[in-house]
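To keep things clear, I will list the structure first and then write my remarks on it.
The values are calculated or read from the model by the stated rules, or taken from the named source; none is laboratory data. Please read all numbers here as calculations on a predicted model, not as lab measurements. Here Cβ is always computed from backbone atoms with ideal geometry, including for glycine, and neighbour counts include all displayed protein chains. Note: accessible area is taken over every heavy atom of the protein model, side chains too, but ligands, DNA and RNA are not part of it. Shrake-Rupley method; radii C 1.70, N 1.55, O 1.52, S 1.80 Å.
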Amino acid sequence: MATMENLIGLVNRIQRACTVLGDYGGGDNSFSSLWEALPSVAVVGGQSSGKSSVLESIVGRDFLPRGSGIVTRRPLVLQLHKIDDGSEEYAEFLHMPRRKFTNFAYVRQEIQDETDRVTGKTKQISPVPIHLSIYSPNVVNLTLIDLPGLTKFAVEGQPESIAQDIETMVRSYVEKPNSIILAISPANQDIATSDAIKLAREVDPTGERTFGVLTKLDLMDKGTNALDVLEGRSYRLQRPWVGIVNRSQADINKNTNMTVARRKEQEYFATSPDYAHLASKMGSEYLAKLLSKHLESVIRSRIPSITSLINKTIDELESEMDHLGRPIAVDAGAQLYTILELCRAFDKIFKEHLDGGRPGGDRIYGVFDNQLPAAIKKLPFDRHLSMQNVRRIVSEADGYQPHLIAPEQGYRRLIEGSLKHFRGPAEASVDAVHFVLKELVRMSISETQELRRFPTLQAEIAAASGEALERFREEGKKTVLRLVDMEASYLTVEFFRKLPQEVDRVGNPGERGGNTGERGGNPQGERGGNPQGERGRGSNPGGERGRGENASERGGIPTASNVDRYSDGHFRRIASNVSAYVGMVSDTLRNTIPKAVVYCQVREAKMSLLNNFYAQLGKKEGKQLGLMLDEDPALMEKRQQCAKRLELYKAARDEIDTVSWAR
Ligand SMILES: Nc1nc2c(ncn2[C@@H]2O[C@H](COP(=O)(O)OP(=O)(O)OP(=O)(O)O)[C@@H](O)[C@H]2O)c(=O)[nH]1
């Protein structure tokens, strides 16, 4: 007995917990259902077949709503608990845990009210069960699920689809393999037309889990009996048929007591010439005991599979909880700690992106190695150093007095004008790296698993990183532009000195008789010696082209004239010299711009991306910190659900363990 109480009580407790979580048969459940795994007795029958009467008889109490039309519109999970003789009988609803009903008329009223609370007064049906527990010395431990009566037609006020809806709902309960079907048919109708048997046959063709109950035996035509059915000849089931005689409508109207009714039922069978030989296996009391015993044995046989389902689900839920993250602490210190931990996790991933290990950092090198050189290559030096432009700039720089030897001012302007072009690629490199860094921040945020739950903090980190990167970008721009400006502000004199000297027919007409192009060949090439631009003019900046011109000039008219000096060759040489100089600067900048960018942006991002954010965090109060850890509501809901289910399954496991030990 102890075992039986334990097992059925165990299933009762698990069933109640399932309902609290919305896990019940017929419901729209996306998760694997523990409810489905629990054996239960589902009561099915056509309208007026005597379903309510059977249930009340099993309980020994009037407590079910009565009336015309479809009265049972939600499943009623009726859990019967045997208590010690002499103890007071009472009922309890799961949805009203603190109220004990001792008056069963109120129980009936509450079933009606609770039905209406979910379905409205529209006479709709709902699969959400009502849980009613009855504690009584006059019951056996048993759980029965009362379902709406199968019907053919909708009555006034009910939707046309009601018959189909009821069948669908009833079917969802009885088709699961763990369901024991209590199929109720009235004896005064042909068994072949019984709605209950029809459905049972469909979902349990072997009759293995169907108990046939035949009501209204007393209402059969005189001279007929139901022995063919009760003895299994009309419709064979693997379980015995049980005949029942409930209170008639007249008895109900007279308020005939249940105890009296049960006694009368026993007398009916004992004295019936047709059924006396079956008397010990007939009647509602026998039915209750039979079901209780059967339910207990089914539960016992299912315990291993229930246990393994529970263990498997616990594992799944535990890993789901790990995935969703544990609940957040409430005190400010712990919250700050959590935020810092989350930032650190993000920062670590961000660094991995930069240093390698995660992709993306290489795109920064791509900027230096491809984009910057390509952008420099595209600079319009050709246009700037075209003959026409060189001539114009040099002439403008000369003013009213054409240059005598080398156009010092002209050179400077040409060089400055050229170097200005480097500002574009320099700034573009800063921007390109900025966007790579921004993208890496975005990727790192989304890759930080721990941050997933906290959309607000994600946004804060994104904003703080964005601000920091913006500052680094400003700094980067200032620095690279400074590099370019520095190049323009002081030219490398050595470059010009190293250029081969042009024959200097103007300054030193007799000297050396030619320009070998060697610096040493022009003793006057010293700044002091030939301050008037000898350097510029004497140099051969352009390399090949310049040298070629040198040669042709050497062969030119001995006395330099303006015409001579301003010939195309002369300007071409200037362009070539400037071009070579710019080329040298370009090589330098190709190396120094990346250094500046890395120094100002990449290195800073690695070292101090969230420094400002940390400083601000320190000033925040608990409430503000809490807001940052504001979780995605959907996720919070999911975790709560997950935690509740985990609790349920763990409680179920503990319950099963206790029962297993008691066995
Ligand atoms: N004489 C007699 N009347 C019965 C018996 N069983 C049920 N009745 C009567 O049949 C009518 C319908 O019985 P219920 O128990 O309400 O049947 P139900 O299947 O629950 O009906 P609905 O909930 O309306 O679908 C009532 O008037 C009962 O008194 C029985 O065995 N003998």
Counted residues, the range 123-135 - those being touching a strand residue (DSSP E or B) at 6+ places or on another chain (Cβ under 8 Å) and part of a loop (DSSP other than H, G, I, E, B): 1
message: For a quick check of your reading: which helices (runs of 4 or more DSSP H) sit entirely within the range 181-292 and have at least 1 residues that are in contact with a strand residue (DSSP E or B) (Cβ under 9 Å, 6 or more places away or on another chain) and open to solvent by less than 20 Å² (accessible area, probe 1.4 Å)?
response: 195-203, 227-230, 258-271
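Does the range 568-606 hold any residues that are among the aromatic types (Phe, Trp, Tyr) and either within 22 Å of Val390 (Cβ to Cβ) or open to solvent by less than 10 Å² (accessible area, probe 1.4 Å) (or both), and which are they? Walk me through it before giving the result.
Start the filter on the range 568-606 by keeping residues that are among the aromatic types (Phe, Trp, Tyr), which leaves 571, 581, 599.
Across the range 568-606, the qualifying residues are Phe571, Tyr581.
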query: How many residues, within the range 58-67, are over 13 Å from Tyr135 (Cα atoms) and open to solvent by 10 Å² or more (accessible area, probe 1.4 Å)?
result: 4
field: Subset of the range 68-107 [crowded, with 18+ Cβ neighbours inside 10 Å and of a type in the set (D, E, K, R)]
entry: Arg73, Arg74, Lys82, Glu92
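Restricting to the range 393-448, name every residue that is of a type in the set (Lys, Arg) and either closer than 22 Å to Val484 by Cβ or open to solvent by less than 40 Å² (accessible area, probe 1.4 Å) (or both). Even if it seems obvious, please write down each step before you answer.
Filtering the range 393-448 down to residues of a type in the set (Lys, Arg) leaves 412-413, 420, 423, 438, 442.
Passing the criteria: Arg412, Arg413, Lys420, Arg423.
Condition check ((1) open to solvent by 90 Å² or more (accessible area, probe 1.4 Å); (2) touching a Gly at 6+ places or on another chain (Cβ under 8 Å); (3) closer than 22 Å to Gly424 by Cβ) across all residues:
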| position | (1), (2), (3) |
| --- | --- |
| Asn311 | no, no, no |
| Tyr337 | yes, no, no |
| Gln371 | yes, no, yes |
| Ala375 | no, yes, yes |
| Ser386 | no, no, yes |
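Among the helices (runs of 4 or more DSSP H) lying completely within the range 28-120, list those that include at least 2 residues that are within 16 Å of the ligand (Cβ to nearest atom). Walk me through how you get there before you give the answer.
Working: elements: 34-37, 51-59, 104-119.
So the answer is 51-59, 104-119.
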message: Would you confirm, using the coordinates I've provided, whether Gly45 is at pLDDT below 85, buried (at least 24 other Cβ atoms within 10 Å of the Cβ) and small (Gly, Ala, Ser)?
response: no
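From the list Ser284, Ser297, which one is within 30 Å of Phe269 (Cα to Cα) and free of Cβ contacts under 8 Å to residues at least 24 places away in the same chain?
Unique residue meeting the criteria: Ser297.
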query: With respect to Glu416, is the statement that it is of a type outside the set (Gly, Ala, Ser), modelled with pLDDT of 95 or more, in a helix (DSSP H, G or I) and more than 30 Å from Leu342 (Cβ to Cβ) true?
result: no
Conditions (1) surrounded by fewer than 13 Cβ atoms within 10 Å (Cβ to Cβ); (2) within 30 Å of Lys619 (Cβ to Cβ); (3) touching a residue at least 24 places away in the same chain (Cβ under 8 Å); number of the one not met by Pro380: (2)
- request: Consider Val260 carefully, then state whether it is within 15 Å of the ligand (Cβ to nearest atom), more than 16 Å from Tyr286 (Cβ to Cβ) and of a type in the set (A, V, I, L, M, F, W, C).
  value: yes
Candidates Asn246, Asn255, Asn178, Asn188 - the one that is in contact (Cβ under 8 Å) with a residue 60 or more places away in the chain, in the same structural domain as Arg300 (by TED's automatic domain parsing) and under 22 Å from Ser57 (Cβ atoms): Asn246
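Just wondering, is there one or more residues in the range 484-497 that are closer than 30 Å to Tyr614 by Cα, assigned to a helix (DSSP H, G or I) and of a type in the set (S, T, N, Q)? Full working, then the answer.
The first filter runs over the range 484-497 and keeps only residues closer than 30 Å to Tyr614 by Cα, leaving none.
No: the range 484-497 contains no residue that is closer than 30 Å to Tyr614 by Cα, assigned to a helix (DSSP H, G or I) and of a type in the set (S, T, N, Q).
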field: Total residues in the range 619-657, condition in contact with a Leu (Cβ under 8 Å, 6 or more places away or on another chain) and surrounded by fewer than 13 Cβ atoms within 10 Å (Cβ to Cβ)
entry: 0
query: In the range 324-333, which residues are touching a residue at least 12 places away in the same chain (Cβ under 8 Å) and under 17 Å from the mean Cα position of the chain (by Cα)?
result: Leu324, Gly325, Pro327
- prompt: Taking the stated definitions as given, is Phe269 within 14 Å of the ligand (Cβ to nearest atom) and either among the aromatic types (Phe, Trp, Tyr) or within 30 Å of Thr658 (Cα to Cα) (or both)?
  reply: yes
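So which residues in the range 405-445 are among the β-branched types (Val, Ile, Thr), within 24 Å of Leu589 (Cβ to Cβ) and in contact with a Leu (Cβ under 7 Å, 6 or more places away or on another chain), if there are any at all? Steps first, answer last, please.
Step one: filter the range 405-445 for residues among the β-branched types (Val, Ile, Thr), giving 405, 415, 430, 433, 436, 441, 445.
Among the residues that remain, those that are also within 24 Å of Leu589 (Cβ to Cβ) are: 415, 430, 433, 436.
Answer for the range 405-445, where residues must be among the β-branched types (Val, Ile, Thr), within 24 Å of Leu589 (Cβ to Cβ) and in contact with a Leu (Cβ under 7 Å, 6 or more places away or on another chain): just Ile415.
Does Asn138 qualify as being more than 16 Å from the ligand (Cβ to nearest atom), over 45 Å from the mean Cα position of the chain (by Cα) and assigned to a loop (DSSP other than H, G, I, E, B)?
Details: more than 16 Å from the ligand (Cβ to nearest atom): yes; over 45 Å from the mean Cα position of the chain (by Cα): yes; assigned to a loop (DSSP other than H, G, I, E, B): yes.
The answer is yes for Asn138.
Taking the options Ile166, Ile197, name whichever one is away from the ligand (no atom under 12 Å from the Cβ) and under 25 Å from Ile125 (Cα atoms). I'd like the intermediate steps shown before the answer.
Numbers: Ile166 fails: away from the ligand (no atom under 12 Å from the Cβ).
Selected residue: Ile197, the only one of Ile166, Ile197 that is away from the ligand (no atom under 12 Å from the Cβ) and under 25 Å from Ile125 (Cα atoms).
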